[in-house]
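These notes are about the structure you will find just below.
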Amino acid sequence: MNCELIFYLAKKTNLCEKALEASLKDINLNFRTSLFATDSDSLGALVIEAFEKTNVVFIVGGLGAGDKNGIENILSKALANKNPDDLKKLKNPLSPADGYLVRQGGQLMAVLPDEPRELEAVLSGPLKTYLLNFTEI
């Protein structure tokens, strides 16, 4: 299954991309492209465009920003008055930058921290099992 990777206000993008690929090597996911967003408008446009091409989107970064550009604020606004099929907070055992999983129908978005060790820690938890089950559908 193809998927898209969007870096949002992310640092260490090359290391994060390698960590993501290594963590997901045994899951049937093929990264089509790596995209970059620096503000909430460009992030929204990239997410819409990505879901037109694939059903799985990873967003890396934006978890530490506590202002209007923070991913928590963006998700809150995007999901207001919506009831996704699945919405989970993904515990980060290494820092307070927890990730998020949102699924609506056959589309899945995972938001992950932009620190490679933290990204790997979140992916080694329940998210990996969730992704395995999702890609088998």
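The values are calculated or read from the model by the stated rules, or taken from the named source; none is laboratory data. This structure is a prediction, so every number in the text was calculated from the model and none was measured. Because the Cβ atoms are built from the backbone with ideal geometry, glycine has one as well, and the counts that use them run over all protein chains shown. Keep in mind that these areas ignore ligands, DNA and RNA; they rest on the heavy atoms of the full protein, side chains included. Shrake-Rupley method; radii C 1.70, N 1.55, O 1.52, S 1.80 Å.
Summary of values
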item: Contour excess over end-to-end distance, with Cα ends at Asn2 and Ile27 and 0.36 nm allotted per residue; result: 7.9 nm
item: Selection of GluC sites (Glu not before Pro), the stretch 1-42, meeting DSSP coil and at most 13 other Cβ within 10 Å; result: none
item: CD proxy at 222 nm, helix term only [per DSSP H run n ≥ 4: -39500 (n - 2.57); per residue of the chain; nearest 500]; result: -10500 deg cm²/dmol
item: Beta bridge orientation in the chain: antiparallel %, DSSP, nearest 5; result: 40 percent
item: Rounded if a/c under 1.5, otherwise prolate or oblate - the stretch 58-130, Cα gyration tensor axes; result: oblate
item: Tensor-based shape of the stretch 73-112 (alpha-carbon gyration tensor, a/c under 1.5 rounded, otherwise prolate or oblate); result: oblate
item: Shape call, the stretch 1-65: gyration tensor on alpha carbons, a/c limit 1.5; result: oblate
item: Under 5 Å, built H, 5+ apart or other chain: amide partners of Thr33; result: Leu5
item: Label assignment, Kirkwood radius over Cα pairs in Å derived from the structure, set (1) 15.6; (2) 14.7; (3) 20.2; result: (2)
item: Per residue value of the accessible surface for the chain (all protein chains in place, 1.4 Å probe), Å²; result: 52 Å²
item: Debye, to nearest 20: dipole size of the chain, +1 on Lys, Arg Cβ, -1 on Asp, Glu Cβ; result: 160 debye
item: Cross-link pairs Lys11/Lys91; Lys53/Lys91; Lys11/Lys82; Lys25/Lys53; Lys25/Lys82 - those with Cα-Cα distance over 27 Å; result: Lys53/Lys91; Lys11/Lys82; Lys25/Lys82
item: Calculated from backbone phi, Karplus (6.51, -1.76, 1.60) coupling profile of the stretch 92-100 in Hz, x at Gly/Pro; result: 9, x, 9, 6, x, 7, 5, x, 9
item: Cleavage-rule hits (GluC sites (Glu not before Pro)) in the stretch 100-137: DSSP loop, at most 13 neighbouring Cβ within 10 angstrom; result: Glu136
